[in-house]
Amino acid sequence: MVGAQLRDTAQELAAVLWREHTVYRERSGGMVIRGEHVRRWISLAPAGGRDEILVRAGRILDGGTTAPARSEAVVPLSAGTGVLAATCRRLLADAAADAARPAPDREADGRPGGSRKSRRPRKSARRNGRGRYTGFGSWVILVCVAGVIALFAYSSAMHG
């Protein structure tokens, strides 16, 4: 009974909200209304209460995939299509406002883990044009190893 009533409610709501729309059933049993031309979607699903439905709204991304719902509300099913449409319009406006906000700069938020570029310049792995880094300490080690090999060769030749 709830499934048929939810389907009928979704069809009525879709006609009120958008001229162009697609209505289909979700795997979970809820109904989805997609407005491709406005790049928004609405989901209606049974809520915890007997006469309540959970209304969620979100955006349709490039390529047709849906972004997760940014806002949701529980509405009595007996409230009627007008109240449900007003709730959906409010949720759709919230989703549109979220889409209009620029992504926050992590460093500007003061959160840890921001961009490292401004804190410490990243060192290039290529030094001296050869693709390797050979610092002073590396040269000292190379000279010491060469000296030990030369001392061993000299000692072997003299006592040999």
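The values are calculated or read from the model by the stated rules, or taken from the named source; none is laboratory data. In this text, all values refer to a predicted model and were calculated from it rather than measured experimentally. Cβ: placed from backbone, ideal geometry, glycine included. Neighbour counts: every protein chain shown.
Quick one: is Ala85 surrounded by 14 or more Cβ atoms within 10 Å (Cβ to Cβ), at pLDDT 75 or above and either among the polar types (S, T, N, Q) or part of a strand (DSSP E or B) (or both)?
In short, no.
Gly48 is checked against (1) more than 15 Å from Gln5 (Cβ to Cβ); (2) surrounded by 14 or more Cβ atoms within 10 Å (Cβ to Cβ) and fails just one. What number does that condition carry?
(2)
Pairs needed: first member in region 56-81, surrounded by fewer than 12 Cβ atoms within 10 Å (Cβ to Cβ); second member anywhere, part of a loop (DSSP other than H, G, I, E, B); C-beta distance under 7 Å; at least 6 residues apart or different chains.
That search, which allows pairs on different chains as well, returns Leu61/Ala67; Ser78/Asp51.
Return the residues of region 8-34 that are in contact (Cβ under 8 Å) with a residue 24 or more places away in the chain, surrounded by 14 or more Cβ atoms within 10 Å (Cβ to Cβ) and more than 14 Å from Ala85 (Cα to Cα); say none if nothing qualifies.
Gly30, Met31, Arg34
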